[in-house]
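Okay, structure first, notes after.
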Amino acid sequence: MKPLKLAVVGGGPSAFYVASRILRLLPDSQNLRVHLFDRLWAPHGLVRYGVAPDHPEVKNCTHKFDQTANDSRFKFFGNVDVGDTAQTIPHAVQLPLSSIFKNYTHVLFATGCTLPTLHAALPPSEHCVSALSLVHWYTQHPNTPVPPPLDRISHVSLIGNGNVSLDVARMLLTNVDVLAKFDVPESVLEVLSRSTVKHVSIFGRRGPLEAAFTMKELREMINLPEASMVPLDPEILAPHPSLTRQQTRVLQLLQRGSKNAPGTTAKTWSLDFFRSPIGLVPPTPTSPASQLSLAHTMVDPATQKAVPTGESSTIATDLVITSLGFHGEPTVQFYDPGLRHLRTLEGRIVTTHGNVVRNTYASGWAATGARGVLATTMINAYGVADTIIADWKGGAPDGAVEEAFALAANPSLDKPPREVQKALSEGLVTQYDDWRTIAAAEVARGQELGKARE
């Protein structure tokens with residue numbers, strides 16, 4: 001049978017889930033190879049550089065990924081930036097997309113949604129940063145973002161109330177002695193130990209029934225050991241007809257309030273519903289805090305969208321952090337600006353004219369947009385893996401076209417592209433065994449400090 005040599009662009013959970021399923025469903029196929037490429041030196045993507053350090057159970061999926069890497073038909077190539085746009089990791093080896101296509105029979109894009117969605121009224125500045133920059137800071141992403149000035153601020157405003165927003169709030173409000181047992185780097189703990197943050201406001205443009213956070217994340221905020229929640233207006237929490245079970249549980253939890261009674265803790269936090277930012281005035285010599293202007297909103301019953309009521313208010317805050325989701329990179333091949341991710345149909349990449357691109361696929365957030373949790377990603381990835389196998393066995397769908405580059409018909413099974421071979425000989429590319437060595441060293445350092453890894 002013709003070979004299946006799959007190039008996977010991206011080394012996060014979606015990539016590994018696709019690879020693991022293909023290898024598991026085709027255990028006896030010796031003409032099968034799966035090569036993963038990631039522009040970062042380490043594998044696992046958001047599991048390493050996105051999951052909050054105090055959620056170690058979420059990272060357990062890496063054990064499955066390690067098992068996938070044990071298959072001799074699998075290879076990982078880190079520090080390889082695939083694409084024809086400007087390099088986002090300066091030291092990474094640049095690999096043109098044409099080199100991928102001419103060396104592989106099938107290509108999968110599992111590149112995620114790597115850019116934060118910004119707010120038009122809140123341009124980035126020293127007083128307004130994205131939540132992603134904080135996540136990359138406390139997970140020590142190779143982008144090496146600047147640490148936030150936590151020792152000079154007392155009030156933080158988070159725009160958006162999804163899980164990432166609550167992760168950031170929890171990291172800012174949790175005692176460093178608690179965080180120290182997780183894989184929070186010592187340099188991050190040192191900055192957090194000097195933090196003077198006393199209050200975190202979490203703003204959402206709609207109400208508690210439409211909030212983006214999950215029950216698990218809300219419950220963790222409610223149970224913070226050294227912080228208390230500002231009580232909500234009872235009118236906001238009034239029962240409504242036809243609530244889902246999830247909505248009922250959210251209202252009940254918010255009605256009970258935090259474990260610590262209001263006024264009993266030095267640190268506090270609030271969920272500020274029905275508020276949408278409309279501007280930020282930076283500090284002045286006479287006003288040391290920034291002034292965040294907020295439009296008051298309500299939910300339109302017909303559209304379920306937030307609409308302004310005509311009222312507004314202003315609060316003093318030291319740092320604004322926007323947490324409004326993520327989108328794909330607009331300059332990459334097959335990006336759809338309307339969708340803000342790659343164009344796909346049942347996992348297959350499609351052209352602007354709606355034609356399926358032969359043997360070219362996308363999975364995870366690259367295909368669906370930034371939504372769902374790891375289990376959602378796994379289900380999507382398994383479906384895409386099944387599609388790849390079906391196309392390999394039965395041929396691409398009728399009307400499939402070649403787009404931009406032609407795929408290889410009979411490539412050398414084991415060899416990566418020539419540029420990667422050269423970079424390997426120069427020690428510029430990491431492979432999975434390199435990762436295992438580094439991971440073991442991180443765990444060993446962590447054991448000496450009484451934590452998961454360092």
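None of the figures in this text is laboratory data; all of them are computed from the coordinates on show. Everything numeric here is computed off the predicted structure, so don't read it as measured data. Quick reminder, even Gly has a Cβ in these numbers, built from the backbone with ideal geometry, and neighbours come from all protein chains shown.
What does the charge dipole of the chain about its Cα centre add up to, to the nearest 20 debye, if the Cβ of each Lys and Arg holds +1 and the Cβ of each Asp and Glu holds -1?
Working: 41 positive and 41 negative charges, 148 e Å.
Using Cβ point charges on Lys, Arg, Asp and Glu, the chain gives about 720 debye.
Evaluated at q = 0.16, 0.19, 0.27, 0.30 Å⁻¹, a Debye calculation over the C-alpha positions of region 41-103 (equal weights, vacuum) places log10 I(q)/I(0) at -0.73, -0.91, -1.10, -1.18. Based on alpha-carbon atoms, the Kirkwood radius and the radius of gyration of region 309-352 give Rg/Rh equal to 1.28. A value for Kirkwood radius over Cα pairs in Å was derived from the coordinates, and within the list (1) 32.0; (2) 23.8; (3) 25.1 it appears as (2).
Rounded to the nearest 5, what % of the DSSP beta bridges within region 118-324 are antiparallel ones? If you can, show how the numbers build up before the last one.
Numbers: 18 of 38 bridges.
Antiparallel: roughly 45 percent of the beta bridges in region 118-324.
Order by neighbour count: 35, 199, 240, fewest other Cβ atoms within 10 Å first, most last. Show your work: numbers first, answer last.
On the way: 35 24, 199 19, 240 11.
So the ranking, lowest neighbour count to highest, is 240, 199, 35.
Taking amide H as placed 1.01 Å from N in the peptide plane, residue 5 has its amide H under 5 Å from the amide H of 33, 105, 106, each at least 5 places away in sequence or on another chain.
Taking label points 7 Å from Cα along the Cα-to-Cβ direction, residue 315 and residue 66 give a separation of 4.3 nm.
Go ahead and estimate [θ] at 222 nm for the chain from helices alone: -39,500 (n - 2.57) per DSSP H run with n ≥ 4, summed, over the residue count, rounded to 500. List each step's numbers first, then the result.
Values: 14 runs with 133 residues, N = 454.
Computed mean residue ellipticity for the chain: -8500 deg cm²/dmol.
Working value for region 334-419: equivalent-ellipsoid semi-axes of 22, 17, 14 Å, each the square root of 5 times a Cα gyration tensor eigenvalue, largest first.
Applying 1/(1 + (r/R0)^6) with R0 = 35 Å to the Cβ-Cβ distance of residue 24 and residue 412, what FRET efficiency is obtained, to the nearest 0.05?
Numbers: r = 24 Å, r/R0 = 0.70.
With R0 = 35 Å, the Cβ-Cβ based efficiency is 0.90.
With an 8 Å cut-off on Cα pairs and a minimum separation of 6 or more residues, tell me the relative contact order of the chain in percent. Can you show the working numbers first?
Details: 897 pairs, mean separation 97.7, N = 454.
It comes to 22 percent, rounded to a whole number.
Distance from the C-alpha centroid of region 428-447 to that of region 193-219: 35 Å, rounded to the whole angstrom.
Report the extension gain between residue 353 and residue 270 in nm, rounded to one decimal, defined as 0.36 nm multiplied by the number of residues separating them, less their alpha carbon distance. Intermediate results must be reported in sequence, preceding the final value.
Values: separation 83, 0.36 × 83 = 29.88 nm, distance 4.73 nm.
Length gained, residue 353 through residue 270: 25.1 nm.
Counted over all Cα-Cα pairs of region 118-324, pairs farther apart than 29 Å make up 24 percent.
In this label model, residue 402 and residue 31 are separated by 2.0 nm, measuring between points 7 Å along each Cα→Cβ vector. Along Cα→Cβ, 7 Å out, is where each label goes; now give me the distance between the ones at residue 178 and residue 434 in nm to one decimal. In this crude label model, residue 178 to residue 434 measures out at 3.8 nm. Relative protection proxy for 241-248, 168-175, from highest mean packing down: 168-175, 241-248 (other beta-carbon atoms within 10 angstrom).
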